[in-house]
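The values are calculated or read from the model by the stated rules, or taken from the named source; none is laboratory data. In this text the structure is predicted, and so the values were computed from the model without any measurement. We place every Cβ from the backbone using ideal geometry, glycine too, and count neighbours over all the protein chains shown.
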Amino acid sequence: MVSQPSPRPSNSAGSAADRRRWARAQSDLPITVAVAGSKNPARVRDVSRAGVCFFLDRPIPLMTVLEVTLEMKTAKGKQAIHGHGAVVRCERIAKGVEHFEIAVFLHEMSEADRGLMEAYVGTRPPQP
């Protein structure tokens, strides 16, 4: 009889990478963040099929719904990826620095764009 590994509990105390459902990859893409009628350019830190983390020069409150647009190199050239999501983390990068690391869970995005993000992640170094 072959034993099967037991499923990992959803509330495990392991690292964040252990708890993630989708692979995440480091990146340095430009992103436009639209919130409250304002469009803000930012830089991506990492991406996954379900979310994006970026750096911005101002905080965005948790659970704020926003729109993101980023351009990714794909087999067809550069393509704009669009999605709507909610801020799930916003942390100052360092004391005295007015830049923030913001993580967004993308709850609304076309399956085609999710597929492009997943394919992009497969070509990048994994997030440690």
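Observations
- Taking first residues from the range 76-91 that are within 12 Å of VAL52 (Cα to Cα) and partners that are outside any strand (DSSP E or B) and among the acidic types (Asp, Glu), the Cβ contacts under 9 Å between residues at least 6 apart in sequence or on separate chains come to ILE81/ASP113; HIS82/ASP113; GLY83/ASP113.
- Residue ranges of strands (runs of 3 or more DSSP E) in the range 40-128 with at least 2 members in contact with a Cys (Cβ under 7 Å, 6 or more places away or on another chain): 100-108
- Some residue of the range 17-33 being touching a strand residue (DSSP E or B) at 6+ places or on another chain (Cβ under 8 Å), within 11 Å of VAL104 (Cα to Cα), at pLDDT 95 or above and part of a strand (DSSP E or B): yes
- Exclusive hit being of a type in the set (Lys, Arg), exposed (fewer than 11 other Cβ atoms within 10 Å of the Cβ), more than 28 Å from PRO59 (Cβ to Cβ) and over 14 Å from the mean Cα position of the chain (by Cα), set LYS78, LYS73: LYS78
- For the range 64-108, a residue qualifies if it is in contact with a Phe, Trp or Tyr (Cβ under 7 Å, 6 or more places away or on another chain) and charged (D, E, K, R), and the qualifying residues are GLU91, ARG92, GLU101.
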